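Data first, discussion second: the structure below is written as structure tokens.
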Amino acid sequence: MKLPIITYPDKQLKSVSKEVTNFDTELHTFLDDMFETMMGNNGIGLAAIQVARPIRALILCIPDEEGEQKKENLLEILNPLIKTPQGVTTYQEGCLSVPGFYEDIERFESLTLHYQDRHGKECTLEANELLAIAIQHEMDHLEGKLFIEKLTYNRRKKFEKEYKKALKEKK
Ligand code: QAP
Ligand code: CO
């Protein structure tokens, strides 16, 4: 089932998400729904809070060299923890909860991720490039943070003006 995505400035996006403790069929159905929702909206990553559930769950499906998103490349990441972040890189980020807006954001270049899969199994992952960036973007959602909060004061002002204008035109 495709779920509705919450968009800025909805206050729910500020929630700090809670640890996942039940790795049951209900969670699996929810993760399947998240995948359908992400793919149906041309996303490469989605955090649970973006579909109104404040749990420490995120999914990622990074396109391959051909630009294709394959289900075999789907990552379901629960209760993630970043270890040994290294380097700095910049990427023009977007977010399904901030539609139509993209800005350059600084992130760590590489990291090691500890997390649990849908069965609660402990996993470790070495990430760099787009995967490392996407992990950090989605993990910010778990803390109630959006990428626009990383903009300088002036860029943030420009964003608020443009976004409000776009919202009005959509109505
Ligand atoms: C997060 O973002 C991300 O504005 C995932 O109109 C962003 O999937 C990870 C999207 C950058 C790494 C780098 C945004 C789709 C999708 C839009 C997304 C839109 C349609 C964003
Ligand atoms: Co996002």
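Please treat every number below as a calculation from the coordinates, not as lab data. Since the structure is predicted, the reported quantities are computational estimates derived from the model, not experimental observations. Heads up, the Cβs are rebuilt from the backbone with ideal geometry, glycines too, and the neighbour counts pull from every protein chain shown.
Of the residues screened, L31 is one that is outside any strand (DSSP E or B), within 19 Å of I135 (Cα to Cα) and either within 11 Å of ligand 1 (Cβ to nearest atom) or within 15 Å of the chain's Cα centre (by Cα) (or both).
Within the set T21, T37, the sole residue that is over 11 Å from the mean Cα position of the chain (by Cα), assigned to a helix (DSSP H, G or I) and of a type in the set (S, T, Y) turns out to be T37.
Residues in segment 90-108 that are surrounded by 16 or more Cβ atoms within 10 Å (Cβ to Cβ) and part of a strand (DSSP E or B): Y91, E93, E103, I105, R107, F108.
Yes/no matrix, rows are residues, columns are (1) among the hydroxyl-bearing types (S, T, Y); (2) assigned to a loop (DSSP other than H, G, I, E, B); (3) exposed (fewer than 12 other Cβ atoms within 10 Å of the Cβ):
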{"position": "L27", "(1), (2), (3)": "no, no, no"}
{"position": "R53", "(1), (2), (3)": "no, yes, no"}
{"position": "L75", "(1), (2), (3)": "no, no, no"}
{"position": "Q86", "(1), (2), (3)": "no, no, yes"}
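When residues in segment 11-37 are screened for being more than 21 Å from D117 (Cα to Cα) and without any contact (Cβ under 8 Å) to a residue 12 or more places away in the chain, 1 of them pass.
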